[in-house]
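Asks: This is the structure I have questions about; it appears just below.
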Amino acid sequence: LIEAKRSVRKLYTESLIGRGDITEEEAEQLLRDYQERLERVFAETHAAQTSPIPVITADTGAVSDLELPSAQQSDTGSGAPESTAISAETLARIGKAHIEYPEGFTVHAKLKQLLEKREVMSREGGIDWGFGELAAFGSLTMEGVPVRLAGQDSRRGTFVQRHAVFHDRANGDEWTPLANLTEDQAKLWIYDSLLSEYAAMGFEYGYSVERPDALVLWEAQFGDFVNGAQTIIDEFISSAEQKWGQRSSLVLMLPHGYEGQGPDHSSARIERFLQLCAEENMIVANPTTPASHFHLLRRQAYSRPRKPLIIFTPKQLLRLKAAASSVEDFTSGAFRPVIPEHEQLQADAVERVLLVSGRLYYDLLSTR
């Protein structure tokens, strides 16, 4: 029965001819053209496979005179920088870049308000999560560190918080403020990837292995979606250093929180990553303030030996005023694993100490 059934191509061709969309001669010509393309590609592939294939051996003498690209020479050393702060001038420059519109560029009215707000917060404080992150990216490129971010909705941000790339609503022109900070800054790439976590994360992992000089990040649209790339996490991110001595500083940013969009849009499965932690193989973090996120990203760019970093990013905190950071939080210090209580408390009156992270602190604060 199956052998007697005609192919989908034949059935569809007959349908097109029957409707008068194409003639029988046109259908045959299309088939011949496609078969010729297949034959041509087959011949090219065969020719490529018959060329000599280099053999990799443990003997490095054959390549001893070859110099590694500069991008692959910065994978030595140990330790993290004592300070990951930037100057007030650098922060202000990043803010000002958001109001230096290209000539003739039409900015959407609502986005113009956002851009102007970023310029103000870069000088006066009240820095939100989105701009705090952009300050990390921008300052790194100004220091010569390339930054590469990829994800299914990374240019805008799943929760409309990043807006790193803008489009002219009149003609479609593209503008990236962080790509216009200084004349000699490093490259910045921000891509909206295809809807395949496995493919995109796998590529970014490999890129981070070969580019120790760069800060490479992959972002999930929702943290739950990371399970689409679980093989990459299990076989490479969590274990490649132990198995092969292969180091990566890839950053995974996973939106986490039950203020999402229901099932499969709420949990980045923190417990899975904690279960994979062993032998100091990777870093898992749940930042509580925009400044913490900023310092964490900058520390990741400079820390050696390199380790993957898993960040559970917030949803509610993206615009929560109580979570905003001051200019001084960016111009001094470094990432703090523990942030003490803000209020002045009488020590001998304290009966219980709670250790929390992320939005839990603000939930407790509002209740108190």
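The values are calculated or read from the model by the stated rules, or taken from the named source; none is laboratory data. This structure is a prediction, so every number in the text was calculated from the model and none was measured. Cβ sites come from the backbone with ideal geometry, for glycine too, and all protein chains shown count toward neighbours.
Asks: Listed residues PRO69, PRO81, PRO146; which is modelled with pLDDT of 95 or more, more than 20 Å from SER326 (Cβ to Cβ) and either surrounded by fewer than 20 Cβ atoms within 10 Å (Cβ to Cβ) or not basic (Lys, Arg) (or both)? Walk me through it before giving the result.
Replies: On the way: PRO69 fails: modelled with pLDDT of 95 or more; PRO81 fails: modelled with pLDDT of 95 or more.
The match here is PRO146.
Asks: Residues in segment 96-114 that are part of a helix (DSSP H, G or I) and either more than 23 Å from the chain's Cα centre (by Cα) or without any contact (Cβ under 8 Å) to a residue 40 or more places away in the chain (or both): how many? Please lay out each step first, then the result.
Replies: Let us first name the residues in segment 96-114 that are part of a helix (DSSP H, G or I), namely 96-99, 109-114.
Filter once more, keeping what is either more than 23 Å from the chain's Cα centre (by Cα) or without any contact (Cβ under 8 Å) to a residue 40 or more places away in the chain (or both): 96, 99, 109-110, 112-113.
Total satisfying the criteria: 6.
Asks: Now, a different point. Of the residues that sit in segment 268-279 and are part of a loop (DSSP other than H, G, I, E, B) and modelled with pLDDT of 95 or more, which one is nearest to the chain's Cα centre (by Cα)?
Replies: Going residue by residue through segment 268-279, those that are part of a loop (DSSP other than H, G, I, E, B) are 268-269, 277-279.
Filter again for modelled with pLDDT of 95 or more, leaving 268-269, 277-278.
Details: ALA268: 15, ARG269: 18, CYS277: 21, ALA278: 24 Å.
That would be ALA268.
Asks: OK, next. Would you point out which residue out of PHE312, PHE335, PHE330, PHE294 is of a type in the set (A, V, I, L, M, F, W, C), more than 24 Å from ILE94 (Cα to Cα) and in contact (Cβ under 8 Å) with a residue 24 or more places away in the chain?
Replies: Numbers: PHE335 fails: more than 24 Å from ILE94 (Cα to Cα); PHE330 fails: more than 24 Å from ILE94 (Cα to Cα); PHE294 fails: more than 24 Å from ILE94 (Cα to Cα).
Criteria check complete, one pass: PHE312.
Asks: While we're looking at this one, here's another question. Please find, within segment 356-368, the residue that is surrounded by the most Cβ atoms within 10 Å (Cβ to Cβ) out of those that are assigned to a loop (DSSP other than H, G, I, E, B) and of a type in the set (Gly, Ala, Ser). Spell out the reasoning first.
Replies: Taking segment 356-368 as the starting set, the residues that turn out to be assigned to a loop (DSSP other than H, G, I, E, B) are 356-358, 368.
Narrowing the set further to residues that are of a type in the set (Gly, Ala, Ser) leaves 357-358.
On the way: SER357: 16, GLY358: 23.
Selected residue: GLY358.
Asks: Something else now. Name, by its number, the condition in (1) surrounded by fewer than 22 Cβ atoms within 10 Å (Cβ to Cβ); (2) touching a residue at least 40 places away in the same chain (Cβ under 8 Å); (3) not in a helix (DSSP H, G or I) that does not hold for GLY130.
Replies: Looking at each condition in turn, GLY130 falls short on (3).
Asks: Among the residues of segment 331-355, how many are surrounded by 10 or more Cβ atoms within 10 Å (Cβ to Cβ) and among the polar types (S, T, N, Q)? Write out each step before concluding.
Replies: Taking segment 331-355 as the starting set, the residues that turn out to be surrounded by 10 or more Cβ atoms within 10 Å (Cβ to Cβ) are 331-336, 339, 341, 345.
So of that shortlist, the ones also among the polar types (S, T, N, Q) come out as 331-332.
Counting residues in segment 331-355 that are surrounded by 10 or more Cβ atoms within 10 Å (Cβ to Cβ) and among the polar types (S, T, N, Q) gives 2.
Asks: Those residues that are closer than 11 Å to THR289 by Cβ and part of a strand (DSSP E or B), I need them from segment 310-351; list them, please.
Replies: SER325
Asks: Quick check on segment 223-245. Is at least one of its residues within 30 Å of PHE105 (Cα to Cα) and assigned by TED's automatic domain parsing to the domain that holds PHE273?
Replies: From segment 223-245, those within 30 Å of PHE105 (Cα to Cα) are none; that's our starting set.
Within segment 223-245 (the criterion being within 30 Å of PHE105 (Cα to Cα) and assigned by TED's automatic domain parsing to the domain that holds PHE273), the answer is no, since none of the residues qualifies.
Asks: If you don't mind, there's one more thing I want to ask. Keeping to segment 288-309, report how many residues are under 16 Å from the mean Cα position of the chain (by Cα), in a loop (DSSP other than H, G, I, E, B) and of a type outside the set (D, E, K, R).
Replies: Total satisfying the criteria: 1.
Asks: Just to be sure before I move on: is ARG156 touching a His at 6+ places or on another chain (Cβ under 9 Å) and at pLDDT below 95 in the structure I sent? Explain how you work it out, then say what you get.
Replies: Numbers: touching a His at 6+ places or on another chain (Cβ under 9 Å): yes; at pLDDT below 95: no.
For ARG156, the condition - touching a His at 6+ places or on another chain (Cβ under 9 Å) and at pLDDT below 95 - is not met.
Asks: Within segment 196-204, identify whether any single residue is in the same structural domain as THR84 (by TED's automatic domain parsing) and assigned to a loop (DSSP other than H, G, I, E, B), and answer yes or no. Before you say what the answer is, go through the steps one by one.
Replies: Quick first cut of segment 196-204, residues in the same structural domain as THR84 (by TED's automatic domain parsing) only: 196-204.
Right, trim to assigned to a loop (DSSP other than H, G, I, E, B) and you get 196.
Yes: segment 196-204 contains one or more residues that are in the same structural domain as THR84 (by TED's automatic domain parsing) and assigned to a loop (DSSP other than H, G, I, E, B).
Asks: If you don't mind, there's one more thing I want to ask. Checking ILE53 against (1) assigned to a helix (DSSP H, G or I); (2) at pLDDT below 90, which test does it fail?
Replies: Unmet for ILE53, out of (1) assigned to a helix (DSSP H, G or I); (2) at pLDDT below 90: (1).
Asks: Now, a different point. Across segment 210-239, which residue is farthest from the chain's Cα centre (by Cα) among those that are buried (at least 18 other Cβ atoms within 10 Å of the Cβ) and free of Cβ contacts under 8 Å to residues at least 40 places away in the same chain?
Replies: So the residue we want is PHE236.
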